[in-house]
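Bear in mind these aren't lab numbers, they're just calculated from the coordinates by the rules spelled out. A quick note: this is a predicted structure, and the numbers were derived from the prediction, not measured. With ideal geometry, Cβ positions are generated from the backbone for all residues, glycine too; neighbour counts draw on all protein chains shown.
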Amino acid sequence: MLSIIKLPRVLQSRLNDAAGALMQPQNGRKIDFSRPLGEHAFTAPDSVSWRICKNPLALFVGGVAAVILELAEPAVCAGVWQHSSFRQDPMGRLRRTGMAAMVTVYGARSVAEPMIAAVVRMHGKVAGETPAGVSYSATDARLLTWVQATASWGFAAAYSRYVAPLTAPEIDALYREGLPTSRLYGAIHTPASNAEVIALFDSMRGRLEPSPIIFEFLDIMRDSPVFPRPLLGLQRMLVRAAVDLIPDWIRARVGLTPSHGLRAHERPIVRLAGALADRIVLSESPAAQACIRLGLPIAHLYG
């Protein structure tokens, strides 16, 4: 059982406000995870997904690692960079992407289903050619499978390494829990176990490529105001922690050197930050608000 950390009231209030602001797009419809009362999400409150995704450090590190892997696939890289606002509005893009992930895990089904349908419609408009002249479409089930699988892998790997180790059955359960929503997105071949994820990664050995866009993305993540300015040093450390998660052969393939990863003295710092983040209840976070929706204590995921 986790021991909840009680912070001074002013600090707790600021963290609550930051958690609410980080996930809500500045322009667009606000999502109320506490409504409709009693309505379930695609995953249950006792799921591995709910436990992992409450941790902001695991989400950030795992999300950055997942995007590195996605940008290593030429068609996904071209689609993301040619058809998104990442360069012009990185924080807006991060908020929208983070919100979509939170709705998929914690949102009521009546909220999640239309959001996923809207993303699918948007994907239907995304097509083009890679720099090598290969045609791609964002509705390609193979590409969607890579995106969904790398996201789940990233969250699991970040939580297990930097927060608390996950058992093999827990990791497999996480992948199974994501199958229903992955299929709604069009990723019909998403792996259902860690063994299948490993096999998928191995099958990509001939497809993943180096790209300057990966390094541009890392620069954006190091310098964009994701965290409050006093925590910029921690933010940059967490970007390096994400690089450390990437399998060795993929790092070598895309040109990520040891200098892009964590320094030896930083690893225990990241693990301490991850463990602490798992014990601070953020009342305005999607996880806490979803618990309220289902009539559970706000600290349900911490007990």
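Tabulated data
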{"quantity": "Estimated FRET transfer efficiency when R0 is 25 angstrom, pair ASP32-GLN12 (beta carbons, to 0.05)", "calculated": "0.75"}
{"quantity": "Theoretical gain in end-to-end length, HIS265 to ASP46 [0.36 nm per residue, Cα-Cα removed]", "calculated": "75.4 nm"}
{"quantity": "Cβ-defined net charge surrounding LYS6, 15 Å radius [Lys, Arg +1; Asp, Glu -1]", "calculated": "+2"}
{"quantity": "Radius 13 Å from Cβ of SER193, net charge of other residues (Lys, Arg +1; Asp, Glu -1)", "calculated": "-3"}
{"quantity": "log₁₀ of I(q)/I(0) at q = 0.11, 0.20 Å⁻¹ - region 174-303, Debye sum with one point per alpha carbon", "calculated": "-0.62, -1.25"}
{"quantity": "Proximal lysines to LYS125, defined as alpha-carbon separation beneath 26 angstrom and excluding residues fewer than eight positions away on the same chain", "calculated": "LYS30"}
{"quantity": "Value at 222 nm in deg cm²/dmol, rounded to 500, when DSSP H runs of n ≥ 4 in the chain each add -39,500 (n - 2.57)", "calculated": "-18500 deg cm²/dmol"}
{"quantity": "Per-peptide average of other Cβ atoms within 10 Å, ordering 269-277, 237-245 highest first", "calculated": "237-245, 269-277"}
{"quantity": "Stretch gain in nm, segment GLU129-MET204, where the contour uses 0.36 nm per residue and the Cα spacing is subtracted", "calculated": "25.1 nm"}
{"quantity": "Additional length obtainable on full extension of the chain from ILE188 to THR139, 0.36 nm per residue less Cα span", "calculated": "16.5 nm"}
{"quantity": "Column: log10 I(q)/I(0), Debye, Cα scatterers of the chain, q = 0.06, 0.10 Å⁻¹", "calculated": "-0.18, -0.52"}
